[in-house]
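Worksheet: one structure, shown below.
Read-outs: derived from the displayed coordinates by stated rules, not from any lab. Note that the structure is predicted; figures quoted are calculated from it, not measured. A quick note on method: Cβ atoms are made from the backbone with ideal geometry, for glycine too, and the neighbour counts reach across all protein chains shown.
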There are 2 protein chains.
Amino acid sequence: MENGAGHPEGLLLDEPSVGAPAGRRPRADAARNRAQILAAARRLFAEKDPRAVTMGDIARAAGVGRATLYRRFPDTASVAVALLDEHERELQGAMISGPPPLGPGAPPEERLAAFYAAMVDLLDRHLPLLLGAETGERRYTTGAYAFWRAHLRVLARAAGAPDPEALVEPLLAPLAPEAFAHQRDRAGLSPARIAAALAWSARRLLGGQDR
Amino acid sequence: MENGAGHPEGLLLDEPSVGAPAGRRPRADAARNRAQILAAARRLFAEKDPRAVTMGDIARAAGVGRATLYRRFPDTASVAVALLDEHERELQGAMISGPPPLGPGAPPEERLAAFYAAMVDLLDRHLPLLLGAETGERRYTTGAYAFWRAHLRVLARAAGAPDPEALVEPLLAPLAPEAFAHQRDRAGLSPARIAAALAWSARRLLGGQDR
DNA sequence: CATTCAAGCGGACACGGTGTCCACATAACC
DNA sequence: GGTTATGTGGACACCGTGTCCGCTTGAATG
């Protein structure tokens, strides 16, 4: 990486882009349907297992035909991604240009701990959506993931870790939606306790006692 | 936990039990079919995306009817679990009673590093099966997972970590099959490099300089 | 305000996978 | 060799997916 202080600037702060027509202003009924779809989907994801939500469910709950739904979203995961977009962009902004320790200016281990805390909060508040959006392999191909990855690579590098590229995945893996769901709902750990354990890990891993 | 040197003894060292008749000796044709099913499934999981393998695929490749397959295995994941059983039991045995550093007798951070190395090796050799067996949430409900969990809890406790229970998940998350697949096949990291990064993490996290 | 036309809509279809049922076959036991 | 319990697999109904095509409707134009 050339840029020493490099941040993953502009890596995923683009427009919503998922399910929204690009060129001209959308038609009134189209916009209304889109809003109905998103509202219905948010409800459905929350009230049953997000991975069991089908395209037919969403279309029926939104009061539109299935083909109308398919016109904008290729699958249920894309709907969830659209619902998550704004929350994730907000967090990304705070990471790039917000106040420390989440933003620039704090030592790497503290920035990592703050990132963990923010992500645990995001997971806690929007777990159904995240489960619906990032099921299985899809997690790694989504745009947001590339951003988290780039961010953590910068932090690992700044902390002088031996192989930042290879360290990124272990740092990010505990934030997998399924992992969080298991800890919170199956094992009964509070989000605060999960965040505390991650903060401890962050300081152990990137803390600068020897290097 | 009462048992100070406690190991999760007998937690998952039971009989294969998946798809094998329990009580009496199985019929000759049943045993033959079972072997054909497992052989065919192993082949299929290796040659295409394990998550795209269907019950019909396995039955056809094994030369048996679909209902025969359903008699033993409720879904494709169970077939993969049966194929993994022996490898995992072998590793579990080494962890409980094998030589250090994998077995008892080494400091926690070294045992964790050895566990990571062994798991990376298992993942590298049997990734298709693991992807087929532990897709998504199922990972957390499988028997083997409970064993890894218990093992890491013991190590974290021995290292004096503040909240071993909450630390287990972050320690285990990087070993999710999807995470490994992404690192090795998408990011192009060699298993050795992945293992090295995990070993470094293990020593930072559980290494005993300050506790 | 009437006309025109592209964009949006949704009912209907074909396909493929799942899980179950039941009539038949066959190995194991007497 | 006859009997029985177990194993087998073809067939069925159901559900979700993804696509096609004729109809509707909003918006731009004269």
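Taking the Cα centre of the protein assembly as shown as origin, work out the dipole magnitude from +1 charges on Lys and Arg Cβ and -1 charges on Asp and Glu Cβ, in debye rounded to 20. Could you put the intermediate results ahead of the total?
Working: 54 positive and 50 negative charges, 280 e Å.
For the protein assembly as shown, the charge dipole is close to 1340 debye.
Quickly estimate the mean residue ellipticity at 222 nm for chain A, helices only: each DSSP H run with n ≥ 4 gives -39500 (n - 2.57), and the total goes over all residues, rounded to 500. Intermediate values should be presented prior to the final figure.
Working: 10 runs with 133 residues, N = 211.
About -20000 deg cm²/dmol.
Suppose the chain between residue A:141 and residue A:187 were pulled fully straight at 0.36 nm per residue; how much longer would it get relative to their current alpha carbon spacing? Mind dumping the intermediate values first?
On the way: separation 46, 0.36 × 46 = 16.56 nm, distance 2.82 nm.
Result for the pair: 13.7 nm of gain on full extension.
Could you state the number of Å between the C-alpha centres of the stretch A:35-69 and the stretch B:35-93?
34
Fewest first, what order do A:79, B:154 take by the number of other Cβ atoms within 10 Å? Walk me through the numbers on the way to the answer.
Working: A:79 29, B:154 21.
If I rank by nearby Cβ atoms, fewest first, I get B:154, A:79.
Please arrange A:151, A:182 by counting, for each residue, the other beta carbons lying within 10 Å of its beta carbon, fewest first.
Details: A:151 22, A:182 19.
So the residues, fewest neighbours to most, are A:182, A:151.
Lys and Arg at +1, Asp and Glu at -1: add these up for the other residues within a Cβ distance under 13 Å of residue B:69 and post the number. Can you show the working numbers first?
Working: positive: B:34, B:60, B:66, B:71, B:72; negative: B:57, B:75.
Cβ neighbours under 13 Å give a net charge of +3.
Please work out which residue of chain A brings its Cβ closest to the axis of the rotation superposing A onto B, and round that distance to whole Å.
Result for the A and B rotation: A:173, 2.
Nm distances between the label at residue A:71 and the same-position labels in the remaining copies, 7 Å along Cα→Cβ, shortest first?
Listed shortest first, these distances are 5.2 nm.
Rounded, prolate or oblate: pick one for chain B, where a ≥ b ≥ c are the square roots of the eigenvalues of its C-alpha gyration tensor, a/c under 1.5 means rounded, and failing that, prolate if a/b is larger than b/c, else oblate. Intermediate values should be presented prior to the final figure.
Values: a/c = 2.68, a/b = 1.70, b/c = 1.57.
Note, shape of chain B comes out prolate.
Report the Cα-based extents of the stretch B:62-165 along its three principal axes, largest first, to the nearest Å.
The principal-axis extents, from largest down, are 54, 27, 20 Å.
Could you give the C-alpha radius of gyration of the protein assembly as shown expressed as a fraction of 2.2 N^0.38 Å, taking N as the number of residues it contains?
Values: Rg = 23.2 Å, N = 422, 2.2 N^0.38 = 21.9 Å.
The reported ratio for this selection is 1.06.
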